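*Asks:* Below you'll find the structure I mean.
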Amino acid sequence: MTTNHSLAKQPHAVADADRPWWKGAAIYQIYPRSFADSNGDGIGDLAGITARLDYVASLGVDAIWLSPFYPSPMDDFGYDIADYYGVDPIFGTLDDFDALVARAHALGLKVTTDLVFAHTSDRHGWFATSRASRDNAMADWYVWADAKPDGSPPTNWQSVFGGPAWTWDARRGQYYMHNFLGTQPQLNVHNRAVQDALLDVVRFWLDRGVDGFRIDAINFAMHDPELRDNPPAPPSNKVRTRPFDFQLKIHNQSHPDIPLFLERIRALTDEYGGSFTVAEVGGDDAVREMKLFTAGDRRLNSAYGFDFLYADRLTPKLVREAAEQWPDAPGIGWPSWAFENHDAPRAVSRWTPAGVDAAAYSRMKMALLCALRGNIIIYNGEELGLDQVDIPFEMVKDPEALKNWPLTLSRDGARTPLPWAGDAAHAGFSSASPWLPLGDAHAGLAVDRQDSDPASLLNLTRRLVALRAAHPALRHGRDGGWVAEGDLLVFDRVTEGETIRCLFNLGGEAIDIAAQHRGGMPIVALNGADADTLPPCGALWIRIEH
């Protein structure tokens, strides 16, 4: 396979002492189960990732984010951690992890990993001790509560995956809380000893060379100690598929003390210099919480939500409203953006309008992502234009989909293996049958086929990421000049010395844009776009010198 390795170093060309490496970074998310299998068991692993890091570096990204690889019974595929200090045997060993970090750093890539601090697996040693009695050293490390007089759960709280957020445990004669699966007991992060133990986890991975962390579901980390019931949600036109959707989640999550714990995390990561922290924040109040979790310079560096991940349509209004929530102003945090990840259906399948070419749409979508102010997160396979795979029910692994089928779309369809070689068995992902099937069209989008095609989405992604890195206006400039009319989206990225005007047609009809720019030099023109017209899925970046 040939790769354009010269692009790999370009993002670092604009780094300077006044700005941390992560500000404006492009981050590549790797879902380890589905990236590359080195040992022929049908499941991706750390050694497989290490062997493919040259490819990742060729994208020109600044960092990778690894989804969980820790020991786990895999009830929620790694987000149910049984040991924060190890590597699950299906993924390899700590030595394999160390080799991955060393190779990534040699290629100029930072390494960020997932931290899951709201809950553990029920197989975790901490939980085994906690459930053994009400008076042991870890008795209060999880959220336990007595039954109501009639034996029912302590509150009306509901879990995200369906059913009550409480499970009875006969060992203690109490209920334990879980916001997700019953096998994911809720940590009592109010407890200072629990916080100290979690900070020890942070230090362990920092000492192994990790450069930062994505903190999973952090707004679920603390509950209301008074155990008050949640009120019902007001009427809505949105379809409710789970009991969780019928409540305002004000007591089982989003406690006001969460930012104080985040300040302890930030203080520790700052000791290591250059570390990066980004929160995942979902829910109805996500924007307020993201700002709260990143306010000032003592909390997390960044946060991302689900503005785009769960949107069924991409509209100019959505993009403008999401971006304008994060003005370039004192005390306002720095956003991160993702169009796709392991929890959401592939965006090209969600967003491509009827009658519009999906390949053209993928090109426009990538140009839009690379133009946004903030950090951008590219999910593995997004640079290939992979679509959502329809997984038959008998092959579904996703626990949420199994509980709520067919009204909840399986997350498995976005977790399918990456195609590396179009003509190889299982598209080069593994020598064995993979844990999830590949998409029917994915072999045709394989890395080897796109790598040799100058017009491919893969090579376009390399070019866009390199341009983003080379232009300070795109990397860290402010935004403004918004136009969001019909299918037309226009905005400026501005810094001292240059403006990049970014124009996009999100629809299926051509748009006259002659009045939308004031000269300048086009540096990107996609899908037939020119200075006068944006065809369907047209995209144009114009550089204007000051």
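*Asks:* Quick check on segment 413-434: of everything there that is touching a residue at least 60 places away in the same chain (Cβ under 8 Å) and within 21 Å of S349 (Cβ to Cβ), which residue is most open to solvent (accessible area, probe 1.4 Å)?
*Replies:* For segment 413-434, the residue satisfying everything is P434.
*Asks:* Here's a follow-up. Just need a number here: residues in segment 501-522 that are surrounded by fewer than 16 Cβ atoms within 10 Å (Cβ to Cβ) and outside any loop (DSSP other than H, G, I, E, B).
*Replies:* So the count comes out to 5.
*Asks:* Looking at segment 489-500 only, could you name the residues that are under 27 Å from the mean Cα position of the chain (by Cα) and open to solvent by 10 Å² or more (accessible area, probe 1.4 Å)?
*Replies:* Here is the first cut: in segment 489-500, the residues under 27 Å from the mean Cα position of the chain (by Cα) are 489-494, 500.
The answer is D492, V494.
*Asks:* Can you tell me which of (1) in a helix (DSSP H, G or I); (2) open to solvent by 40 Å² or more (accessible area, probe 1.4 Å); (3) touching a residue at least 24 places away in the same chain (Cβ under 8 Å); (4) not hydrophobic (A, V, I, L, M, F, W, C) is the one P259 doesn't meet?
*Replies:* Failing condition for P259: (2).
*Asks:* Just one of D88, D80 is modelled with pLDDT of 95 or more, within 20 Å of the chain's Cα centre (by Cα), charged (D, E, K, R) and open to solvent by less than 20 Å² (accessible area, probe 1.4 Å); which is it? Talk me through it step by step, then tell me what you get.
*Replies:* Values: D88 fails: within 20 Å of the chain's Cα centre (by Cα).
Sole residue among the options that is modelled with pLDDT of 95 or more, within 20 Å of the chain's Cα centre (by Cα), charged (D, E, K, R) and open to solvent by less than 20 Å² (accessible area, probe 1.4 Å): D80.
*Asks:* Go through (1) charged (D, E, K, R); (2) crowded, with 20+ Cβ neighbours inside 10 Å; (3) assigned to a helix (DSSP H, G or I) and name the single condition D270 misses.
*Replies:* It is condition (2) that D270 fails.
*Asks:* Would it be correct to say that R468 is charged (D, E, K, R) and either open to solvent by 50 Å² or more (accessible area, probe 1.4 Å) or over 26 Å from N527 (Cα atoms) (or both)?
*Replies:* Working: charged (D, E, K, R): yes; either open to solvent by 50 Å² or more (accessible area, probe 1.4 Å) or over 26 Å from N527 (Cα atoms) (or both): no.
When the stated conditions are applied, R468 does not pass them.
*Asks:* Follow-up question, since we're still on this one. Quick test of your reading of the structure: L526 fulfils all but one of (1) under 23 Å from V319 (Cα atoms); (2) open to solvent by 50 Å² or more (accessible area, probe 1.4 Å). Name the failing condition by number.
*Replies:* Every condition holds for L526 apart from (2).
*Asks:* Inside segment 34-67, can you point out the residues that are out of contact with any helix residue (DSSP H, G or I) (no Cβ under 7 Å at 6 or more places or on another chain), open to solvent by less than 20 Å² (accessible area, probe 1.4 Å) and touching a residue at least 60 places away in the same chain (Cβ under 8 Å)?
*Replies:* Residues satisfying the conditions are S34, G42, A63, W65.
*Asks:* Which pairs have Cβ atoms under 7 Å, sit 6 or more apart or on different chains, and link a residue in segment 186-206 that is modelled with pLDDT of 95 or more to one that is among the polar types (S, T, N, Q) and not in a helix (DSSP H, G or I)?
*Replies:* Matching pairs, first to second residue: Q186/N179; L187/T120; V194/N188; W205/T113; L206/S275.
*Asks:* Still on this structure: Just to be sure, is G282 open to solvent by 40 Å² or more (accessible area, probe 1.4 Å) and either part of a loop (DSSP other than H, G, I, E, B) or in contact with a helix residue (DSSP H, G or I) (Cβ under 9 Å, 6 or more places away or on another chain) (or both)? Give the steps one after another, and end with the answer.
*Replies:* Values: open to solvent by 40 Å² or more (accessible area, probe 1.4 Å): no; either part of a loop (DSSP other than H, G, I, E, B) or in contact with a helix residue (DSSP H, G or I) (Cβ under 9 Å, 6 or more places away or on another chain) (or both): yes.
So G282 does not fit the description; no.
*Asks:* Pick from N237, N252, N230, N179: which is open to solvent by less than 30 Å² (accessible area, probe 1.4 Å) and either over 20 Å from F293 (Cβ atoms) or among the β-branched types (V, I, T) (or both)? Quick ask: steps written out before the conclusion?
*Replies:* Values: N237 fails: open to solvent by less than 30 Å² (accessible area, probe 1.4 Å); N252 fails: either over 20 Å from F293 (Cβ atoms) or among the β-branched types (V, I, T) (or both); N179 fails: either over 20 Å from F293 (Cβ atoms) or among the β-branched types (V, I, T) (or both).
Sole residue among the options that is open to solvent by less than 30 Å² (accessible area, probe 1.4 Å) and either over 20 Å from F293 (Cβ atoms) or among the β-branched types (V, I, T) (or both): N230.
*Asks:* Right, here's the next one. Inside segment 74-123, can you point out the residues that are among the small types (G, A, S) and part of a helix (DSSP H, G or I)?
*Replies:* Kept after step one, since they are among the small types (G, A, S), are these residues of segment 74-123: 78, 82, 86, 92, 99, 102, 104, 106, 108, 118, 121.
The answer is A99, A102, A104, A106.
*Asks:* Also, I was wondering about something else. For L300, only one of the following conditions fails: (1) surrounded by fewer than 22 Cβ atoms within 10 Å (Cβ to Cβ); (2) in a loop (DSSP other than H, G, I, E, B); (3) in contact with a Ser or Thr (Cβ under 7 Å, 6 or more places away or on another chain). What is its number?
*Replies:* (1) is the only condition that L300 fails.
*Asks:* Now a separate question. Identify, from the list A128, A165, A118, A137, the residue that is free of Cβ contacts under 8 Å to residues at least 12 places away in the same chain and within 28 Å of S67 (Cα to Cα).
*Replies:* On inspection, the qualifying residue turns out to be A128.
Every residue, every condition in (1) out of contact with any Phe, Trp or Tyr (no Cβ under 9 Å at 6 or more places or on another chain); (2) of a type in the set (S, T, Y); (3) open to solvent by 40 Å² or more (accessible area, probe 1.4 Å), yes or no:
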position: V111; (1), (2), (3): no, no, no
position: A118; (1), (2), (3): no, no, no
position: T129; (1), (2), (3): no, yes, yes
position: R134; (1), (2), (3): no, no, yes
position: W166; (1), (2), (3): no, no, no
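*Asks:* Follow-up. Considering only segment 124-167, state which residues are assigned to a loop (DSSP other than H, G, I, E, B) and under 22 Å from E280 (Cβ atoms). Working first, answer last.
*Replies:* Pass one, segment 124-167, residues assigned to a loop (DSSP other than H, G, I, E, B): 124, 131-141, 143, 146-157, 159-163, 165.
Answer for segment 124-167, where residues must be assigned to a loop (DSSP other than H, G, I, E, B) and under 22 Å from E280 (Cβ atoms): H124, V143, W157, S159, V160, F161, G162, A165.
*Asks:* Please find, within segment 276-289, the residue that is nearest to R19 (Cα to Cα) out of those that are under 14 Å from the mean Cα position of the chain (by Cα) and aliphatic (A, V, I, L, M). Step through it out loud before you land on a result.
*Replies:* First, pick out the residues of segment 276-289 that are under 14 Å from the mean Cα position of the chain (by Cα): 277-282.
Applying the additional criterion that residues be aliphatic (A, V, I, L, M) yields 278-279, 281.
Numbers: V278: 17, A279: 20, V281: 25 Å.
Residue satisfying both the conditions and the ranking: V278.
*Asks:* Checking the conditions here, which among S410, S336 is in contact (Cβ under 8 Å) with a residue 60 or more places away in the chain and buried (at least 21 other Cβ atoms within 10 Å of the Cβ)?
*Replies:* On the way: S410 fails: in contact (Cβ under 8 Å) with a residue 60 or more places away in the chain.
Every option except S336 fails the conditions.
The values are calculated or read from the model by the stated rules, or taken from the named source; none is laboratory data. Source: prediction; values computed, not measured. When we count neighbours, we look across all protein chains shown, and the Cβ atoms used for this are built from the backbone with ideal geometry, even at glycine. When the accessible area is computed, the model is the full protein with side chains, heavy atoms only, and any ligands, DNA or RNA have been set aside. Shrake-Rupley method; radii C 1.70, N 1.55, O 1.52, S 1.80 Å.
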